[in-house]
1. Considering only strands (runs of 3 or more DSSP E) fully contained in region B:126-205, which possess at least 2 residues that are at pLDDT 95 or above and polar (S, T, N, Q)?
2. What number of residues within region A:7-34 satisfy the criterion of being in contact with a Gly (Cβ under 8 Å, 6 or more places away or on another chain) and open to solvent by less than 10 Å² (accessible area, probe 1.4 Å)?
3. Residues B:Asp219, B:Asp248, B:Asp275: which one is charged (D, E, K, R) and either touching a Lys or Arg at 6+ places or on another chain (Cβ under 8 Å) or within 22 Å of B:Ala182 (Cβ to Cβ) (or both)?
4. Could you please give the count of residues in region A:47-70 that are touching a Leu at 6+ places or on another chain (Cβ under 9 Å) and either open to solvent by 30 Å² or more (accessible area, probe 1.4 Å) or over 22 Å from B:Asp94 (Cα atoms) (or both)?
5. When region A:84-93 is examined, which residues are found to be open to solvent by less than 30 Å² (accessible area, probe 1.4 Å), touching a residue at least 24 places away in the same chain (Cβ under 8 Å) and either away from chain B (no Cβ under 12 Å) or in contact with a helix residue (DSSP H, G or I) (Cβ under 7 Å, 6 or more places away or on another chain) (or both)?
6. Specify the residue that is farthest from B:Ala267 (Cα to Cα); the eligible residues are those in region B:238-252 that are in a helix (DSSP H, G or I) and open to solvent by 30 Å² or more (accessible area, probe 1.4 Å).
7. When you go through B:Thr120, B:Thr126, B:Thr163 one by one, which is the residue that is surrounded by 15 or more Cβ atoms within 10 Å (Cβ to Cβ), farther than 16 Å from B:Met243 by Cα and of a type in the set (Ser, Thr, Tyr)?
Protein chains: 2
Amino acid sequence: MPVTLIAGGVGGARMALALHEALPPGELTVIGNVGDDCEHWGLSISPDLDTVLYTLTGRIDPINGWGVAEDTHNLMETAISLGEEDWFILGDKDLALHVARTRRLRAGEALSAITADVATRWGCATKLLPATNDRQRTWIATDTEELPFQEWLVHRRAADTVTGVRFEGVPEAQPAPGVLEAIASADRIVLAPSNPFVSLDPILAVDGVRAAVCARRADTVAVSPVIAGKAIKGPIVGMLESMGHRADAIGVARYLAPLAGTYVLDAQDADLAADLAELQMAALCVPTLMADPAVRQGLAAAVLA
Amino acid sequence: MPVTLIAGGVGGARMALALHEALPPGELTVIGNVGDDCEHWGLSISPDLDTVLYTLTGRIDPINGWGVAEDTHNLMETAISLGEEDWFILGDKDLALHVARTRRLRAGEALSAITADVATRWGCATKLLPATNDRQRTWIATDTEELPFQEWLVHRRAADTVTGVRFEGVPEAQPAPGVLEAIASADRIVLAPSNPFVSLDPILAVDGVRAAVCARRADTVAVSPVIAGKAIKGPIVGMLESMGHRADAIGVARYLAPLAGTYVLDAQDADLAADLAELQMAALCVPTLMADPAVRQGLAAAVLA
């Protein structure tokens, strides 16, 4: 069955792996977030797309959940000696992808074409589409100022309280080729256990994408990125709080209720299932901590059932 | 005494090191060749400037004479898996300089400013000036076609017979700040044991540089890049032959006679000294194989005497 996953961040990549492993080759399409994209050292970096690529092709650093396993940092160390910025960690193997992408973008290739070619070269049967080929950038409003996403997340370690999120390039950004089709034609649409504000929303903010998912609400399953009031990874709980949402799996469910008819709670949150009825969301309760391969399999099976 | 070296290639870098070691800090200015510069993987690479920088700061790979010692090639290996070109070897530490330079050039900095900053950051007291900040590219005419320099030298391993050399960007290219002043004000000007056609000529072809050196002929010393009819390194002997020159140290001396009043022959070529008289060049005969530190010292002493 054709399945489309809307995915950002590490949770998105892990969900992509779960579905990639569960489905026959070629049946999964992943629509990836490009709001996190940045220019660093003059290179065009697409962290969320890369995390999916690295995860699906076995390259991912299993400790960090981003970057390439057993990478070296010789370029970075030397670049720092040349006065280049030191806060965004880039391994040598990882940098190859950024160098190649930057060259190809400057030569006029679309991000979607480059991404598809990399996936093919690395033998990845899952189709990975950037949400848009247009420039889209996530900005984080804090108490004191607005920061580019990576500046807020990586450079300042997500320490500043978030008061809002803005997507530069919206509403002009158009869906990349195949994005709307993948949503319209899938038997199942999955919203990954990603941060809804900075990982799912930038994808949904691309022209026509939110409406396309809403139109498929009955076939859309969202997976909670919060377990027992704690984030699996990342700054989501603080953002739920500071932006006035309930800081648990139900806070995310309310936010996603217009999009998804089914919501996956972690088994630890089974007692929250009752709260989904008023959101007109069906509840699924299964273990969701995907670092464990058996859990990953079980979650994929539940989502696809 | 202020000394200015005109230098390209590995021979230029080794002569730079000899003079750098022999002179008090700050007294040496090296004018480097940028005709070899290229764009590879979308990065701006200045091989000759970098070889001087690496050599003077102890980073040079002593085996190849170019690149960084004990470098890794993780980026390159991954880039090749992404379909990027595989014939120009770039180590990870070396790439840091190319990434930083490319970023800074695109941000509008002059190559001379970037080069000076790198030298300062790496504690190099010798001043290194690119011949020009303007775009200059060496093209090699062969029997069958004209090739960009690195394509001819590296990709085709200098196997094609050279029938001519052309410098794209000339005569428009203007000397970088300080170049003409360094030639006019030095007590001694040295032409490194570099290939005269592809390492010295591109520097001399920059507007006003050849005339500036000719005006200082009495204070200019050229060092032969040919010993006993063999190149110390590189394709010079074949080029001398195919372009109709005598294929030995005197062939080079004739070519450089308008520029240099003194010519250093290797001690092995002492019998050729007589041939310099008709060129109105004074002869110096000393060992010139600079891989040996004692020889390097002796050569520097002879050139500066």
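The values are calculated or read from the model by the stated rules, or taken from the named source; none is laboratory data. Nothing here was measured: the structure is a model prediction, and the numbers come from that model. A quick note on method: Cβ atoms are made from the backbone with ideal geometry, for glycine too, and the neighbour counts reach across all protein chains shown. When the accessible area is computed, the model is the full protein with side chains, heavy atoms only, and any ligands, DNA or RNA have been set aside. Shrake-Rupley method; radii C 1.70, N 1.55, O 1.52, S 1.80 Å.
1. B:137-142
2. Adding up the residues that qualify gives 7.
3. B:Asp219 is the lone residue from the list that is charged (D, E, K, R) and either touching a Lys or Arg at 6+ places or on another chain (Cβ under 8 Å) or within 22 Å of B:Ala182 (Cβ to Cβ) (or both).
4. Looking only at that region, the number is 9.
5. Hits for region A:84-93 are A:Glu84, A:Phe88, A:Leu90.
6. If we take residues in region B:238-252 being in a helix (DSSP H, G or I) and open to solvent by 30 Å² or more (accessible area, probe 1.4 Å), then B:Ser242 is farthest from B:Ala267 (Cα to Cα).
7. B:Thr126
To keep it simple, each residue is scored yes or no on (1) of a type in the set (A, V, I, L, M); (2) in contact (Cβ under 8 Å) with a residue 60 or more places away in the chain; (3) farther than 19 Å from A:Val3 by Cβ.
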position: A:His245; (1), (2), (3): no, no, yes
position: A:Pro258; (1), (2), (3): no, no, yes
position: A:Thr262; (1), (2), (3): no, no, no
position: A:Asp271; (1), (2), (3): no, no, yes
position: A:Leu289; (1), (2), (3): yes, yes, yes
position: A:Ala294; (1), (2), (3): yes, no, yes
position: A:Gly298; (1), (2), (3): no, no, no
position: A:Ala302; (1), (2), (3): yes, no, no
position: A:Ala305; (1), (2), (3): yes, no, no
